[in-house]
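One structure is given below, encoded as structure tokens.
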Amino acid sequence: MGDTGGVGGTPGAAGGRESAEIRQGVVRLARRLSAERPAEGLSLNKSSVLAHLRRGGPMSAGALAAADHQQPQSLTRVFAELERDGLISRARDEHDGRQRVLELTETGRDALAEDMARRDAWLDVALADLTETERQVLLLAARLFRRLADSPAELPAPAPRPAPRSSPSPAPRSSPPPTPRSSPWPSPPPSPSP
């Protein structure tokens, strides 16, 4: 029986190599795209928040953080800056008036479109060097990367660690009861004579 690791198989040595190669390729491309990002453009967190709101419509801060695989408190400053800059606004949830939702403003929609166009400029030039087949393979890979990123799959919980082996406790040492001479406390001073 050969190793069935790989696409569609049970993870094995080949699956580990494939995972590592995919991860390395994604990380290198992400770093390059980040390096090509204009200095005055939106930060990765800001563009991600705006993109989620563009795709999903108004949502609570918690739902938005969950969609971005982050904790809400990690994005508090990002939300505040986007609101200050007029890129998002807060509104009452139409289903639960007690709840507030974040929504993309027209200014935010325009800023996201402009930022994406500037970031994609480098990628367009790089893609021009590839064959049509290579571009189609990358397009398929991009769809699969999005599917993987949105996957609810989680690592299985680690097996509980075995309790550390304990050697039998040595018998407690018995020490003799303190005698007046061996008392750890100093003797009281002699009382003065009359």
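Read-outs: derived from the displayed coordinates by stated rules, not from any lab. Only a predicted model underlies this, so the values are computations on that prediction, with no experimental measurement involved. Don't worry about glycine lacking a Cβ; one is built from the backbone with ideal geometry, like all the others, and counts go over all protein chains shown.
One chain, two ends: GLN73 and ARG17. Fully extended at 0.36 nm per residue, the span grows by 16.6 nm beyond their Cα-Cα distance. Amide H to amide H distances under 5 Å link ARG100 with ASP93, where only residues 5 or more positions off or on other chains count and H is placed in the peptide plane. When Rg and Dmax are taken over the Cα atoms of the stretch 23-149, they come to 16.5, 54 Å. Under 5 Å between amide hydrogens, built in the peptide plane, is the criterion, and for ILE88 it picks out GLU83, THR105 among residues at least 5 positions away or on other chains. Ranked by the mean number of other Cβ atoms within 10 Å per residue, highest first, peptides 50-57, 32-39 order as 50-57, 32-39. Label sites at ARG84 and ARG32, each approximated as a point 7 angstrom past Cα along Cα to Cβ, lie 3.5 nm apart. Using θ = phi - 60° in the Karplus curve 6.51 cos²θ - 1.76 cosθ + 1.60, the 3J(HN,Hα) couplings for the stretch 112-129 round to 5, 4, 5, 5, 5, 4, 5, 6, 6, 4, 5, 4, 4, 5, 5, 5, 5, 7 Hz; x is entered for Gly and Pro. Expressed as a fraction of 2.2 N^0.38 Å, the C-alpha radius of gyration for the stretch 32-81 is 1.18. Per residue, the average separation of C-alpha pairs within less than 8 Å and at least 6 apart gives the stretch 23-149 a relative contact order of 25 percent.
Each label was represented as a point 7 Å from its Cα along the Cα-to-Cβ direction; for THR133 and ALA39 these points are 4.3 nm apart.
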